[in-house]
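Input: a single structure, listed below in C-alpha cells.
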Amino acid sequence: MVLYICEEDLIKFAKNQFHMSETAELKLGKSIYHLPILKGTENEKAIDIEKLREQTGFITLDSGFKNTGATKSAITFLDGEKGILKYRGYPIEQLADQSTFLEVAYLLIYGNLPTKAQIDEFHHQISRHTLVHEDMKKFFDGFPSKSHPMGQLSSLVCSLSSFYPESLNPHQTPEELDLTIIKLLGKMATIVSWIYKKSLGHPVIYPQNKYDYVTNFLYMTFGQRTEEVHIDPVLVSAMNKLLILHADHEQNCSTSTVRIVGSSDCNLYASISAGISALWGPLHGGANQSVIEMLEKIRNDGGDVDKWVLKAKDKNDPFRLMGFGHRVYKNFDPRAKIIKKACDDILSKLGIKDPVLEIAKKLEEVALSDAYFIEKKLYPNVDFYSGIIYRALGFPTEMFTVLFALGRLPGWIAQWKEMREQEEPIGRPRQIYIGENTRDYIPMHKR
Ligand code: CMC
C-alpha cells in the first residue's frame with residue numbers, strides 16, 4: 001500500500017497561520033482576563049476559551065454550537081455571508097465544473113490535487129477493494145423490504161468493522177489506515193448500489209473494475225446481469241457534479257458527529273456510520289427527500305404555492321419550506337446555484353419535463369420576494385434542486401440521502417483523519433445543569 005502524501009506539512013502550514021499576539025479582554029466582576037485571539041488563513045477570528053473555566057470558573061453556553069469553533073481545520077473553507085465554498089483552497093465552482101469525484105476525494109483526504117500517477121494508483125487501489133464480503137449479503141436478507149436505505153447504510157458501514165477487525169486499532173500505521181480508507185471508499189459505492197437493487201427485489205450486480213468510480217457505481221445501480229450496459233455520459237457527468245458538491249462542508253452536524261465519535265478512538269467505519277445516522281435527519285441531509293415529498297404534496301394539493309409559503313411563515317404551523325435556509329449561508333448557497341443550473345441542463349439533455357421543477361421554481365420565486373424570507377436570510381440550499389436531478393437520473397426518493405452520504409464520504413474521512421493527526425482530545429462538551437437539587441431517596445411504599 002502506498003502512502004499518498006504526508007499531511008504533516010499541511011498541518012504545520014495551518015499552525016503557522018495563527019497570530020497569537022492580540023488578546024481579548026474579559027471583565028468578570030473586578031477581574032480582567034486576557035484571552036488569546038486566533039486568526040485563520042482566511043482571516044476568520046476566534047477567541048480561545050480553552051482555559052476559561054480553569055481561570056474563571058465560567059463555561060460558555062452555546063446551544064446548537066451556533067458560535068463555537070470545535071477545531072482548527074485545513075480542509076474546507078466557507079464564508080456564509082459571501083457564499084464562498086472552497087475545498088483545500090480550490091473554489092467549488094472550478095471543482096464541480098472541471099474535476100471528477102475521485103480526484104476531489106483524493107484532494108480532500110490527502111491535501112493536494114493528485115498527479116496522473118497518483119490518481120491512477122488511487123483508482124487502482126480502490127478497484128481492488130470494491131467487492132464486499134459475501135457474508136454481508138445475509139444482512140440484506142434480514143432487513144424488512146420497506147426498511148429505509150439510510151438505516152441499512154448506517155448498519156452496513158458499521159458492520160465493515162467486524163469484517164476488518166484490524167481497523168479497530170486506534171494506532172494503525174499510516175499505511176494501515178490508508179488501506180482502511182481505501183476499503184471504505186471502494187465498498188461504499190457497492191453497498192449503496194446493492195441497497196437500491198435489494199429495494200427492487202433485483203439481483204445485485206458485481207463491480208466491474210474497468211470502469212471509473214462513478215461509472216462503476218451507476219453500472220452496479222442501473223445495470224442488468226444479462227446485458228451489456230451503456231452508461232450515458234450525461235448521467236456520469238451529472239453524478240460526478242452532485243457528488244463533488246456534497247463532498248465536504250466543514251463542521252456540519254454529521255461531520256461533527258464523525259469527529260466526535262472518532263475522538264474516543266473509535267474506528268473509522270463506526271465513526272462514519274454515526275455520521276450517516278446524523279445525516280439522515282430532515283433538517284440535514286434528509287432534506288433532499290423531504291423537498292421532493294413537499295413539492296409533490298403541493299402539486300397534489302392543486303399547486304397553490306402562496307398557500308404553502310403562508311403556512312411556512314405561520315409560527316403555529318410546524319410546516320417549514322424544506323430546502324430553504326442554512327445555518328451558515330446567509331446570502332446564497334453556492335452549491336444551490338450550481339445545482340439549479342445543472343438541473344436545467346440535465347433535464348433538457350435527458351429530454352425530461354418534470355412538473356415538480358416548475359413548482360420548485362415558482363416556490364423559489366415567491367419565497368425570495370417575500371419579506372419573511374428576505375429578513376431571515378432564507379435562501380434555497382443544496383437540497384432544494386438536487387432531488388429533482390436524482391429523480392431525473394432514475395433514483396427513487398428514499399435513495400436521495402444515501403447519495404448525499406456517498407458524496408460526503410471523502411469529506412468525513414478527511415475530517416476524521418485530520419482529527420486523528422492533530423491528536424485532538426476526546427470531544428466532551430459541558431452543560432449548565434437545570435435539574436433538581438439534592439433530594440433524599442423515598443422508598444416506594446412511602447411515595
Ligand atoms: N422555512 C420557514 N422558516 C424557516 C426555515 C424554513 N425552511 N428555516 C428557518 N426558518 C426560520 C425559523 O423559524 C426561525 O424563525 P424565528 O427566528 O422567527 O424563530 C429563523 O428562520 C431561523 O431559523 P433556525 O431554525 O433558528 O436556524 P438554524 O440555523 O438553527 O437552522 C436549518 C437551519 C437548515 C435547520 C433551517 O433553516 C431549516 O430547518 N431548513 C429546512 C430544512 C433544510 O432544508 N435543511 C437542509 C440544510 S442544507 C443541507 C445540509 O448541509 O444539511
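The values are calculated or read from the model by the stated rules, or taken from the named source; none is laboratory data. The structure displayed is predicted, hence computed values, not measured ones. All Cβ positions, glycine included, derive from the backbone under ideal geometry; neighbour counts span all protein chains shown.
Taking helices (runs of 4 or more DSSP H) that fall entirely within the range 74-159, which contain at least 1 residues that are farther than 23 Å from residue 178 by Cβ?
Details: elements: 92-98, 101-110, 116-127, 137-142.
Ranges flagged: 92-98, 137-142.
Name every residue in the range 365-386 that is of a type in the set (Gly, Ala, Ser) and within 11 Å of the ligand (Cβ to nearest atom), in order of residue number. Spell out how you get there, then give the answer.
Residues of the range 365-386 that are of a type in the set (Gly, Ala, Ser), as a first pass: 367, 369, 371, 386.
Those that are of a type in the set (Gly, Ala, Ser) and within 11 Å of the ligand (Cβ to nearest atom): 367, 386.
Among the candidates 195, 276, single out the residue that is more than 30 Å from residue 173 (Cα to Cα), surrounded by 22 or more Cβ atoms within 10 Å (Cβ to Cβ) and in contact with a helix residue (DSSP H, G or I) (Cβ under 6 Å, 6 or more places away or on another chain).
On the way: 276 fails: more than 30 Å from residue 173 (Cα to Cα).
Just a single option satisfies the conditions, and that option is 195.
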Residue 58 vs (1) without any contact (Cβ under 8 Å) to a residue 24 or more places away in the chain; (2) in a loop (DSSP other than H, G, I, E, B): all pass except (1)
Condition test on residue 283, is it at pLDDT 95 or above, near the ligand (Cβ under 9 Å from one of its atoms) and not in a loop (DSSP other than H, G, I, E, B)?
no
Considering each residue of the range 351-360, count those that are surrounded by fewer than 16 Cβ atoms within 10 Å (Cβ to Cβ) and either in contact with a Phe, Trp or Tyr (Cβ under 7 Å, 6 or more places away or on another chain) or assigned to a helix (DSSP H, G or I) (or both), and give that number.
2
When you scan the range 315-343, how many residues do you find that are loosely packed, with under 15 Cβ neighbours inside 10 Å and within 19 Å of residue 365 (Cα to Cα)?
3
More than 14 Å from the ligand (Cβ to nearest atom), out of contact with any Cys (no Cβ under 8 Å at 6 or more places or on another chain) and in a helix (DSSP H, G or I), is that true of residue 265?
no
Considering the range 163-175, residues that are under 19 Å from residue 121 (Cβ atoms) and in contact (Cβ under 8 Å) with a residue 12 or more places away in the chain, and then whichever is surrounded by the most Cβ atoms within 10 Å (Cβ to Cβ), we arrive at 174
